[in-house]
Structure formats: C-alpha cells, structure tokens
Amino acid sequence: KIPHHRIPNWCDFVPLCVCAVCVMRFPTTSLIALLVVGISSTSYTAGVEAFLSGSSNTKNTNMLRPILSSIRGYSTKHASTTLLRRNNANSKKLFMSSLSTEPDYDVIIVGGGHAGCDAASASARVGARTALVTQRIDTIGELSCNPSIGGIGKGHLVREIDALGGVMGEVADQAGIHFRMLNRRKGPAVRGPRGQMDRDLYKAAMQNQMLELHENLSVIEGGVEDLLLDEGLGIESMAPLTDVDPSSNFGFGSNTSQDQKRMIELASSKANQQFRQARIRGVIITDPKTGVQKEITARAVVITTGTFLRGVLMIGKDRYSGGRHLRDSEEVEPPSVGLAKTLERFNFPLGRLKTGTPPRLDGNTINWDACVIQPSENPAIPFSHLRQFRGEQPPNVASGNLIDCYKSATNEETHKLVAGYAHLLPEYDGNDGKGQGPRYCPSIFKKVERFPERTSHNSFLEPEGLNTNIVYPNGMSGPYPEEIQLKIMRSMIGLEKVDIIRPGYDVEYDFVNPQSLTHALETKTIGGLYLAGQICGTTGYEEAAAQGIIAGTNAGLAAAAATRGEKSPSPFLLGRDEGYIGVLIDDLVTRGTTEPYRMFTSRAEYRISLRADNADLRLTQKAIDYGLVTDEERITSLAARETLIEDRIEDLRKFRLFVTDWADRGGKDLMGGDQMSKKSGQKKSGEEVLGMPHVTLSAVERIIRDVQLEERNKAVLEEKERNDEQGQSASSIPDELSVPNVMEASPPAIYDTVEASIKYKSYVIRQHKDMESWRKAQGLRIPPDFIYDHASMPTLSKEEIEKLNLVRPATFADASQISGLTPQSLVYLYHCVQKRNKDRDWARRKADETKNRDKKEVSATMKE
C-alpha cells in the first residue's frame with residue numbers, strides 16, 4: 001500500500017520478508033523493533049493488523065494494539081510529511097508528537113474572513129476546541145470589497161446564518177449605517193434586506209466576537225504554509241462523520257425527502273472511504289514575528305483562504321503576487337502557495353477565477369447635488385431575529401447615525417473610454433487570457449461588452465463609514481491603469497472633478513471545483529479537511545459565511561465527538577427545501593461551477609416558503625437539536641414567536657363576516673372588488689380575506705378590531721340596561737384599550753410572517769406539486785433538434801440560453817446538472833418541450849388524417 005506519489009525503495013521490500021517471519025515467531029519483540037526503526041510503508045501495519053485479527057493469543061493482541069496504533073500514526077506521517085526527510089531533528093520532533101493521542105485543538109480554521117469567522121464560531125459553539133489561524137489579527141472581519149451586507153438572495157442567507165446562531169447578522173446590525181429592504185414592491189418571498197456597513201465598526205464588532213465572546217475559541221496569528229497529513233488509501237479520518245440510523249428520524253425530520261436522506265448518507269466517512277488518500281492532522285504555520293515554522297495539530301481543518309490561494313493582483317499590465325491590498329495602503333497580504341501545491345498534489349480539480357474591486361473615491365470632490373439621493377429606511381428591519389423579536393432597532397438607526405447613498409450613472413462617453421482602453425486591461429491565466437469573473441457582478445468593461453445597446457449603467461455611491469470621506473462606486477470595477485480609471489470616473493454624472501484615493505484592481509486566484517466535496521463540505525480525498533468560501537468557487541461575503549457555518553459545524557461536531565470518545569455524529573446538512581444555504585451547497589456540490597457563484601432567489605425552487613422573515617422558524621430548531629444553538633434567549637424567543645404566529649392565524653381563521661360587511665368596512669376595491677358582490681350572501685374568515693390580492697394584514701386586523709369593539713360595547717350597554725331595570729348599580733363602559741378579547745395589531749416581530757404565511761398558502765401547495773411532477777419527468781428525453789433561443793423561450797436568461805446550446809442535454813436529468821440553470825427554468829423547459837411534442841404530435845395526426853383521406857378519395861376514384 002505504498003502511496004501513489006512516492007517511488008518504492010529497498011526499505012519497502014527487503015525487510016518485509018524478515019518482518020513476516022519475525023512477527024509470527026516473536027510478535028512482541030518484532031513490533032517494538034518496528035516502532036524504534038520507524039518503517040515508512042503502511043504495508044507493515046496492514047500485515048500486523050491481519051496478524052492481530054487472526055491471533056488466538058489474547059494477551060499478546062491486547063498488549064500489541066497500542067504499539068501498533070503508534071506505528072500506524074508514525075509510518076503514515078513519515079511517508080507524507082516532507083519535513084521528515086529534511087533533517088533528523090525535525091523527524092524526531094514529529095515522531096515524538098505522533099505518540100501523543102491528544103492534538104492541540106479539535107478544529108483549526110484557516111483564514112479570518114467571513115467564511116472563517118462563522119466557521120470558527122460554529123465549531124466553538126458545538127463544543128470543539130477551535131483555533132482560528134489568520135495572517136493578521138487586525139484584518140479579521142475586513143470587508144475587502146463592497147462595504148455592504150445582504151441584498152436579493154444574499155439577505156436571505158444572512159437571516160439563515162443568524163437563525164443558526166451565526167455572527168454575521170448581529171455584526172451587520174451593529175455596524176449598519178444605511179438599511180433598505182430591496183424588492184419591497186414585490187412579494188415577500190423575493191424581498192431582500194440589505195445594509196450599508198461602516199467598515200471600521202464591522203471589523204471591530206467581528207473581532208470582538210472572535211476574541212472575546214466565544215468560549216473554546218483561540219485566535220493565532222500566523223501564515224499557514226502547508227497541511228500535516230497521514231497518507232494511505234482508505235485511511236480513516238481522525239474525526240469521522242457517520243450516516244444516520246434509518247430507524248431514527250434524528251437528522252432527517254418527519255418530512256425529510258429521500259433526496260435529503262441520500263445526501264446525508266453520501267456525506268458520511270464510510271461512503272467516501274474509497275476516495276480517501278489521506279487524513280488531516282494539523283497545519284504548519286509561520287510565526288509572522290520570528291519567521292519560525294511550527295506545527296499545530298487538530299482532528300479537522302477548515303480552509304477558508306478566499307482569494308489568497310496562489311492569488312495574483314493586477315492593475316493594467318502590472319501583475320504581482322498577493323491575496324489583497326490592505327485597506328488604505330499599497331501593502332499587499334501574501335498569497336497562500338503551499339496549500340495550493342498540496343491540493344494539487346492530491347489531484348484536487350483546481351481552476352482560476354477572478355474578481356475585482358473599484359477605485360475608492362474622495363467624497364469631498366463629488367458633486368452630490370447632481371446625484372440622486374438614496375436615503376436609508378427608518379425604522380429598519382434588523383438582520384438579527386433576536387433584535388427584531390425584542391423590538392429593537394440597530395444601534396445606529398436608534399441613535400440617528402445614518403448616512404445617505406447616492407446614484408450616479410455612466411453615459412456614452414464613459415462607454416467609449418471603457419472600450420477604447422480595453423487593450424490596457426490585464427492578461428489573465430484563466431479563460432484563454434480573458435479571466436473568469438462573476439457574471440452577476442461584472443466589471444464595467446464586461447457590462448459594455450455584453451450590452452452594447454445600453455447607453456447607461458447605474459452606479460451607487462456608497463460612503464464607507466461615518467468618519468471617513470472615502471466612497472465606494474458600486475458597479476465600477478475595472479483594473480485599468482490608474483490614470484485611465486480617473487478618466488472613466490470623471491466622465492460620469494456628479495464625478496466630473498472627482499479624485500481617486502486608491503485605484504481599483506483585480507485578483508485572480510485558485511479555486512477547487514466543489515464537486516470534490518460532500519454536502520458537509522468535507523473533501524472526499526482528505527478526511528477531516530473542509531473547504532468554505534471563495535475557494536469553493538463562490539463570490540460574496542454572504543455565500544462565504546453560509547458555507548463557513550456548515551463546514552465549521554460539521555468539523556466541530558465530528559472532532560468534538562472523537563475527542564470525547566463518543567460515537568461519530570451524523571452530519572449537519574440543509575436540504576434545498578429547508579433553506580437557501582441548502583440550495584447554495586447543493587448547487588455547488590452536485591453541479592460544480594465554472595464561474596463565481598452568486599445566490600439569487602431564482603435559484604431556489606421552494607423560494608415561496610424560503611422567505612427572509614421565517615428563517616428562524618425553518619432552521620433554529622434544527623440548530624438546537626444539533627447543539628449549534630444553546631442561547632436560552634434565542635430558544636425562548638423561537639417558541640414565543642411560533643406561538644404568537646399560530647395564535648394570530650387561528651384568530652383570523654375563526655373570525656367570519658359576510659362578504660358585504662368586509663367590503664363595506666374595508667372598501668369594495670380593497671376587499672376584492674366585483675368578486676365580493678358576486679358572493680354577497682356568503683361569509684368569509686379573516687384568513688380567507690387576507691389571502692386575496694391587495695388585502696393587507698393591518699386592514700383585516702383593523703376591521704376585526706372595530707367589529708369586536710362594537711360587539712363588546714353593545715354587550716356592555718345591554719348589561720347596563722338590565723342592571724338599571726333591576727335597580728342594580730350600573731357598570732361604566734370600559735375604555736376601548738382596556739377591553740379584553742379584542743384583536744390588537746400584530747407586532748413587527750410576527751407581522752410579515754403571518755401575512756406571508758396566509759397569502760402564500762395555496763402557492764406553497766402548488767409549488768410542491770410542480771416540483772414533484774418535475775422529479776418524475778427527469779428521465780424523459782429532450783429532442784436532439786430542440787431549438788434554444790429567446791424567440792421560442794422568452795423567459796430564459798441569456799446565460800441559460802448560452803449554456804443549453806453549449807451542453808445540449810439529452811434528458812431533463814442532464815439539464816438539471818447544468819450550473820446556472822434555475823429550477824423554475826427547468827420546469828419551464830419541461831413545459832416547452834411538452835408543448836412542442838404535443839404540437840408535433842397534433843401536426844402528425846393531421847398529416848396522417850389528410851393522407852388517409854387522400855387515399856380514400858383515390859381509392860374511390862379508382863373504383864368509379
């Protein structure tokens with residue numbers, strides 16, 4: 001069982017014959033000798049295992065197993081760790097450390113970005129001794145690009161992270177200086193909370209979380225140079241995950257689909273043993289102050305290197321190594337090269353992606369009056385469920401420390417400059433020199449190239465903090481030479497005299513095709529090694545943190561259980577019908593990606609039920625079951641919110657009025673228009689009325705309250721009249737606010753959820769039926785001559801048309817594996833193919849009927 005990457009030598013074969021005889025004749029002495037010599041090949045331990053399993057001498061067997069365990073650990077370390085071959089002193093050090101059964105930590109998180117922070121928090125919360133290793137402690141929580149959190153699809157992820165007890169939502173609330181709910185004019189399912197951050201406040205709040213507020217979490221400053229590995233085909237992980245007992249619903253839930261059960265089974269260590277070539281046992285780091293290398297051991301490692309994996313920075317034709325620039329500085333943080341080489345050595349499918357950040361502008365040189373103001377909402381909807389349940393506003397909203405953003409736009413002159421200086425853009429390693437950047441956050445050059453018919457593109461000017469004049473021009477990334485960037489910016493509205501504080505740049509970096517991961521985000525090749533964030537091919541802070549919380553939870557659960565000597569836990573996974581995090585990870589792991597992946601609501605087939613307002617109702621109880629959420633306030637607030645929502649829906653269901661009364665009190669147009677007049681003799685419940693278009697919860701509650709007050713007051717007056725007739729003292733009519741059993745307005749903590757739950761009730765049922773029909777249709781074939789274009793399929797995006805024409809899927813199952821093709825588009829494709837088949841069948845029947853009729857006419861003519 002010599003590792004495939006190492007050339008066999010004499011010591012792998014010559015002693016084998018001697019060992020085979022000696023172990024059988026003198027087992028105790030022979031095994032001690034092997035321990036001292038430190039033979040490198042795992043073949044010996046495999047042979048000894050066979051001897052022990054067949055030995056009838058219980059005393060020898062029990063005595064030799066601990067020695068064998070030490071040999072196994074040392075032999076694989078000796079085979080895999082290149083440092084062992086460099087000098088004897090280092091070899092002795094590693095050999096002695098291999099005899100220790102207790103690693104330094106349970107879990108090591110590599111990187112202090114958004115994925116790393118939420119991974120570290122999750123691992124520590126489930127009870128694992130966790131170390132967060134970062135090149136610089138003062139850059140933990142840095143917002144490297146856009147100073148904002150949330151948005152369409154992304155805001156859903158933040159709310160889900162918060163529902164799982166993650167840190168991003170709370171930190172965003174603390175640092176937010178501008179809040180808006182995007183898509184407010186559309187339905188609740190696609191509304192996305194977004195907040196503009198103060199960079200300094202965000203970083204300070206995140207560092208406080210990592211350094212002060214988590215037990216079991218240590219922060220270590222140092223650069224991770226390489227991984228410590230034990231190698232061997234099929235080797236068991238030091239922190240294995242197991243699949244779930246089929247007889248138990250734990251980890252599944254009563255409504256868990258067969259797809260989810262299969263997903264959990266495939267994430268187990270046993271299922272991936274055939275692919276495993278090594279297991280993790282720690283990292284090698286360099287002390288930034290002394291430059292000395294040292295080892296830190298652990299049962300599991302989560303890599304969240306972002307853009308640092310063999311990163312190259314580019315401005316114009318200039319290229320230089322680095323993961324990113326330090327903020328407000330020309331200093332560069334160094335890339336991670338050793339990790340990339342190790343992943344490459346184990347044949348991980350690596351690719352190159354790029355992303356870019358725009359120039360930073362001097363706000364004092366902007367003509368704000370020429371731009372369109374974009375004020376913050378006040379009051380705001382917090383990211384934190386707990387804060388919303390308490391009825392609290394984010395700190396800067398409560399104190400009035402809010403900023404305004406502004407909107408500018410490009411013009412035809414801007415586009416001429418962008419296209420005219422395209423020859424000065426960098427030459428990339430990926431995509432034939434063009435680079436593979438994010439499709440949905442493209443550079444200004446890509447926008448001009450893809451949409452030549454457009455004469456303008458919006459750019460939002462976003463101040464980076466309360467105490468700075470630096471402005472981020474959203475949508476204007478482009479790594480032109482600095483003087484060209486200045487020309488482009490000065491061609492825009494309100495920026496005619498603007499100055500650039502720091503030029504924009506691109507970074508190109510390695511990523512691992514996420515199809516090499518399980519749904520737990522553990523690599524199939526190296527047991528105990530997890531990946532999260534941009535290394536998996538995603539783009540965006542929110543997508544990174546969402547992966548981080550899943551990877552950190554699974555690494556922490558497995559490692560903590562192994563340390564305590566407990567049974568291997570089942571993986572913590574989310575299905576596509578449970579959350580956007582489940583959609584994100586399933587898309588990555590099953591489809592992979594060839595371009596930076598961004599979350600949108602259109603990617604979720606169950607988006608009607610996966611709303612931002614109900615993330616805690618969907619996910620927090622599952623997090624409690626796995627020990628990821630232990631905060632008593634969060635647990636109590638979840639139970640209280642569930643009760644309040646159920647009670648309010650039940651109250652609406654019980655209250656009934658004639659439809660004419662609803663129309664009279666709420667207005668005919670508001671309460672259903674002419675449709676209400678057609679049903680004048682019927683009664684409808686508050687729930688039924690709220691389910692109609694344009695009817696709001698507040699309007700229904702107001703009508704119910706008015707009716708209940710009238711009925712209550714009438715009952716009090718009748719009681720007063722009876723008392724007067726009987727000569728008893730009359731009770732006064734109570735003030736309406738103190739009248740019991742009268743419906744009060746729903747508090748903000750439940751308002752959106754109650755309204756959306758009722759309005760979407762029938763759509764959710766239809767949604768599940770559509771998806772069930774789609775699953776049954778996946779085996780059907782797509783005609784090979786089917787034409788993919790906007791003329792026949794107008795609702796498909798340009799990206800989807802391109803990919804369908806490129807892949808030409810043979811079946812709907814093949815189509816479902818195309819990255820970037822949304823579930824709704826797949827259902828639409830199914831209907832288009834079905835319609836085309838029906839039309840063709842109809843045309844064939846007509847042709848056959850015509851042919852048969854012609855034959856009959858010819859036959860009749862011949863008879864005549």
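Laboratory data are not the source of any read-out in this text; all were calculated from the coordinates shown. Everything numeric here is computed off the predicted structure, so don't read it as measured data. Glycine also receives a Cβ, built like all others from the backbone with ideal geometry; neighbour counts cover every protein chain displayed.
At a glance:
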{"item": "Inter-label distance for Glu711 and Leu211, nm, one decimal - labels placed 7 Å from Cα along Cα-to-Cβ", "result": "6.0"}
{"item": "Relative contact order of the stretch 778-864, defined on C-alpha pairs under 8 angstrom at six or more residues apart (%)", "result": "28"}
{"item": "Relative packing of peptides 265-276, 818-829, 120-131 - highest average C-beta neighbours within 10 Å first", "result": "120-131, 818-829, 265-276"}
{"item": "For the stretch 720-725, Karplus couplings with θ = phi - 60° (6.51, -1.76, 1.60), whole Hz, Gly/Pro x", "result": "5, 5, 5, 5, 5, 5"}
{"item": "Formal net charge of residues neighbouring Ile373 (Cβ-Cβ distance under 11 Å; K, R +1; D, E -1)", "result": "-1"}
{"item": "Shape call, the stretch 602-658: gyration tensor on alpha carbons, a/c limit 1.5", "result": "oblate"}
{"item": "Semi-axes of the equivalent ellipsoid for the stretch 536-645, Cα gyration tensor, largest first, Å", "result": "25, 22, 11"}
{"item": "Fraction in percent of alpha-carbon pairs per bin - 5 Å, the stretch 510-598", "result": "3, 15, 26, 26, 16, 8, 4, 1, 0"}
{"item": "For the stretch 468-518 and the stretch 189-233, distance of Cα centres in Å", "result": "25"}
{"item": "The stretch 311-446 shape via C-alpha gyration tensor axes, a/c threshold 1.5", "result": "oblate"}
{"item": "Cα-projected label distance for Ser329 with Lys487, points at 7 Å along beta-carbon direction, nm", "result": "3.3"}
{"item": "Placed amide H near Ser336: partners under 5 Å, 5+ positions off or other chain", "result": "Leu309, Arg310, Gly311"}
{"item": "Relative packing of 710-721, 852-863, which averages over residues the other C-beta atoms within 10 Å, highest first", "result": "710-721, 852-863"}
{"item": "5 angstrom amide H check on Met197, placed H, neighbours 5+ away", "result": "Ser148, Ile149, Ile177"}
{"item": "Additional length obtainable on full extension of the chain from Arg345 to Arg656, 0.36 nm per residue less Cα span", "result": "105.0 nm"}
{"item": "Dipole magnitude of the stretch 138-180 about its Cα centre (Cβ charges: Lys, Arg +1; Asp, Glu -1), debye to nearest 20", "result": "240"}
{"item": "Under the Karplus curve 6.51 cos²θ - 1.76 cosθ + 1.60, θ = phi - 60°, whole-Hz ³J(HN,Hα) for the stretch 619-628, x wherever Gly or Pro sits", "result": "10, 5, 5, 5, 5, 5, 4, 8, x, 6"}
{"item": "Given Lys407/Lys447; Lys416/Lys798; Lys317/Lys803, the pairs whose alpha carbons are separated by over 22 Å", "result": "Lys416/Lys798; Lys317/Lys803"}
{"item": "Length released on extending from Glu632 to Asp138, taking residue separation times 0.36 nm less the Cα-Cα span", "result": "174.7 nm"}
{"item": "For Gly316, residues with placed amide H under 5 Å, excluding near neighbours", "result": "Tyr480"}
{"item": "Percent of beta bridges antiparallel (DSSP, the stretch 99-223, rounded to nearest 5)", "result": "50"}
{"item": "√(5λ) per eigenvalue of the Cα gyration tensor, the stretch 322-369, largest first, Å", "result": "37, 14, 4"}
{"item": "16 Å cut-off, amide nitrogen to a point 7 angstrom out along Glu412 Cα→Cβ, residues in the stretch 442-484", "result": "452-457"}
{"item": "Mean-position separation - Cα centroids, the stretch 808-864 and the stretch 521-571, in angstrom", "result": "48"}
{"item": "Within-12-Å neighbourhood charge of Leu644 [Cβ basis; K, R +1; D, E -1]", "result": "-4"}
{"item": "Reachable lysines from Lys769, criterion Cα separation under 24 angstrom, eight or more residues apart if same chain", "result": "Lys186, Lys261, Lys759, Lys761, Lys835, Lys838"}
{"item": "Stokes-Einstein D for the stretch 478-542, Kirkwood Rh over Cα pairs, 37 °C, 0.692 mPa s (µm²/s)", "result": "217"}
{"item": "Cα→Cβ-extended label distance, 7 Å offset, between Lys863 and Asp841, nm", "result": "3.3"}
{"item": "Net charge over other residues, Cβ less than 11 angstrom from the Cβ of Glu578 (K, R count +1; D, E count -1)", "result": "0"}
{"item": "Peptides 644-650, 300-306 ordered by average Cβ neighbours within 10 Å, highest first", "result": "300-306, 644-650"}
{"item": "Gained length - Arg702 relative to Lys270, 0.36 nm times residue gap less alpha-carbon distance", "result": "149.7 nm"}
{"item": "The stretch 854-860 - phi-based ³J(HN,Hα) in whole Hz, Karplus 6.51/-1.76/1.60, Gly and Pro as x", "result": "5, 4, 5, 5, 5, 5, 5"}
{"item": "Span from the the stretch 107-159 Cα centroid across to the the stretch 758-796 one, whole angstrom", "result": "37"}
